[in-house]
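Enquirer: Got a structure for you, questions after.
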Amino acid sequence: MRTFPVAYLGFLLTLAGCAGVPVPVAPPQPAPPPAAPSKAPDRPATTPHLRPAGWADLPGWKEDDLVEAWPAWRQSCKAMEKDPAWRRVCELSRSVDSRDRNAIRDFFQRHFQPHEVMDKDGAPWGLVTGYYEPSLRGDRTRTERARYPIYGLPDDLVSVDLSNFHPELKFRWLRGRLVGNRLVPYYTREEIVKGIQGFRATPIAWAEDPVELFYLHIEGSGRIELPNGTRIRVGYAGQNGHPFRSVAKILIEQGELKPSEASELGIKRWGQRNPDRLGRLLNLNPSYIFFRELPDDLTGPPGALGVPLTGGRSVAVDRDFIPLGAPLFLATTLPLSDRPLNRLMLAQDTGAAIRGPVRVDFFWGFGDEAGTRARGMKQTGRKWLLLPRESAPRGP
């Protein structure tokens, strides 16, 4: 009997869905919104290249104000404390004085072992980008100004967990819709925007600017400022299953914008100069995000871990290599600068473009200042994964 590599099996399953081949799935149900998991997060499907390190190897470790990172660590423990590998360190952290930076540093040094994360070629450097929670103008109902829908999750979106077909496909999903007994690809961005017959989703709000809405899709969460000055918070609920394509990169490749101009503001200005072409440009990215309204009292938008993100202390990682919830020490530089940015961070989110062991997306928080920093961040950096000493892997 012929066998296939796991990666190829995932490719075959994807092709099967895309070709409309019958795939056994449950009856159509809305994909569940992100929430705090009932059990601890699964371990990564692949062990990263880890090199044991000492605390002296972490640049700026002694200077970092760990009091700022402690609330984010305690948020991680809410999702991780049922995992035997993390239970004890989470329990021990309850008795640490959250205002005492020396006690916090001693806790990590006593109970964790740092490991430098390497890429597949053994290099320790990786790309560090930034993201944030944007604010955009809109309304609860469609108006002459607010004309662009922020859709909730469609009733007919089917999400297939591919680990049910093979355990090595953990964290891999196939999304589509049922036509008879066949799973076919879900509608693309262009089909949704143009109102293709059969698409069923209810807007939870309406945005005034299509480029601001496009970037809300990229960031995955945000706040909608209503005409009366109040705000509603929305967060990621699901995705249509199509790959993300950067329209900024398209404009650069076509010579329409210089790399330094390819920001949200630059694309807005390009759209103002080319209003007839803006819709076609945005639709070149087939990926589409669906949202849900979030409670007002959250301290931050929920990440993939299911806990609120902390500005300046949460990062998105590739969960194939880094366990969600784990503490990391990041050594990079501030946006558009060579000034050091060395901080204890928590791996609490993921992203479609965040691939590889050393890749990091830095969450800056909410608002214009956070947006400026996030948009300007394209640095190189190194990171160290902190694992509980009782379960840390041995060196080679």
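Values in this text are rule-based calculations from the coordinates and carry no lab data. Keep in mind that what you see is a predicted model, and the values were worked out from it rather than measured. Backbone-built Cβ (ideal geometry, glycine too); neighbour counts: all protein chains shown.
Enquirer: Given H placed on each backbone N at 1.01 Å, which residues far from residue 49 in sequence or on other chains put an amide H within less than 5 Å of it?
Expert: Answer set, sorted by chain and number: 118.
Enquirer: Helix-derived [θ] at 222 nm for the chain: sum -39500 (n - 2.57) over DSSP H runs of at least 4, divide by residue count, nearest 500?
Expert: Numbers: 10 runs with 95 residues, N = 396.
Rounded to the nearest 500, it is -7000 deg cm²/dmol.
Enquirer: Tell me the label-point distance for the pair residue 78, residue 145, using the 7 Å Cα-to-Cβ offset, in nm and rounded to one decimal.
Expert: In this crude spin-label approximation the distance works out to 3.5 nm.
Enquirer: Roughly what angle does helix 264-273 make with the longest principal axis of the chain, taking Cα atoms, 0 to 90 degrees, to the nearest 10?
Expert: So the inclination is approximately 20 degrees.
Enquirer: Still on this structure, I have one more. Over all Cα pairs of segment 241-326, how is the pair count split among 10 Å bins, expressed in % and running from 0 up to the last occupied bin?
Expert: 14, 30, 30, 24, 2
Enquirer: How many nm separate the modelled label positions at residue 269 and residue 100, each set 7 Å beyond the Cα in the direction of the Cβ?
Expert: 5.3 nm
Enquirer: Can you list the residues, at least 5 places off or on another chain, whose amide H is less than 5 Å from the amide H of residue 145, using H built in the peptide plane?
Expert: Residues meeting the amide H criterion: none.
Enquirer: With springs only between Cα atoms under 10 Å apart, run a GNM on the chain and tell me which of 87, 233, 175 wobbles the most.
Expert: Result for the chain, Cα springs under 10 Å: 87 fluctuates most.
Enquirer: If I stretch the segment between residue 88 and residue 109 completely, what's the gain in nm (0.36 nm per residue apart, minus their alpha carbon distance), one decimal? Provide the component values of the computation, followed by the final result.
Expert: On the way: separation 21, 0.36 × 21 = 7.56 nm, distance 1.49 nm.
Separation in residues times 0.36 nm, less the Cα-Cα distance, equals 6.1 nm.
Enquirer: Could you tell me the calculated FRET efficiency between residue 194 and residue 391, based on Cβ-Cβ distance and R0 = 56 angstrom, to the nearest 0.05?
Expert: On the way: r = 51 Å, r/R0 = 0.91.
Plugging the Cβ-Cβ distance into 1/(1 + (r/R0)^6) gives 0.65.
Enquirer: Another question, if that's okay. Just want the ordering: 211, 247, 234, 307, from fewest to most Cβ atoms lying within 10 Å of their own Cβ. Display every interim value, and only then the final one.
Expert: Details: 211 23, 247 20, 234 26, 307 29.
Listing 211, 247, 234, 307 from fewest to most nearby Cβ atoms yields 247, 211, 234, 307.
Enquirer: What is the calculated FRET efficiency for residue 161 to residue 246, with r their C-beta to C-beta distance and R₀ = 35 Å, to the nearest 0.05?
Expert: Details: r = 27 Å, r/R0 = 0.79.
Computed FRET efficiency for residue 161 and residue 246: 0.80.
Enquirer: Then there's this: What number in nm² do you get for segment 137-294 if you take the convex hull of its Cα atoms and divide its surface by four?
Expert: Details: hull surface 45.3 nm².
Reported value for the Cα convex hull: 11.3 nm².
Enquirer: Check residue 113: other-chain or 5+ apart residues with amide H under 5 Å from its amide H, H built from backbone geometry?
Expert: So residue 113 has HN proximity to 387, 389.
Enquirer: Something else: At a 10 Å Cβ-Cβ cut-off, how would you order 131, 148, fewest neighbours first? Mind dumping the intermediate values first?
Expert: Working: 131 28, 148 20.
Listing 131, 148 from fewest to most nearby Cβ atoms yields 148, 131.
Enquirer: Once the Cα atoms of helix 70-80 and of the chain are each reduced to a long axis, what angle between those two axes, in degrees from 0 to 90 to the nearest 10, is obtained?
Expert: Result, in degrees: 70.
Enquirer: Out of the GluC sites (Glu not before Pro) in segment 148-208, which ones are loop residues according to DSSP with at most 16 other C-beta atoms within 10 Å? All intermediate terms of the calculation are to be shown ahead of the outcome.
Expert: Values: sites: 168, 190, 191, 208; in loops: 208.
Answer by residue number: there is no such site.
Enquirer: For each of 246, 263, 314, 337, count neighbouring Cβ atoms within 10 Å of the residue's Cβ, then give the residues from fewest to most. List each step's numbers first, then the result.
Expert: Values: 246 14, 263 17, 314 28, 337 11.
Placing the least packed residue first, the sequence is 337, 246, 263, 314.
Enquirer: Can you tell me the 0 to 90 degree angle between the C-alpha axis of helix 84-93 and the longest principal axis of the chain, rounded to 10?
Expert: Relative to the chain, helix 84-93 is tipped by roughly 70 degrees.
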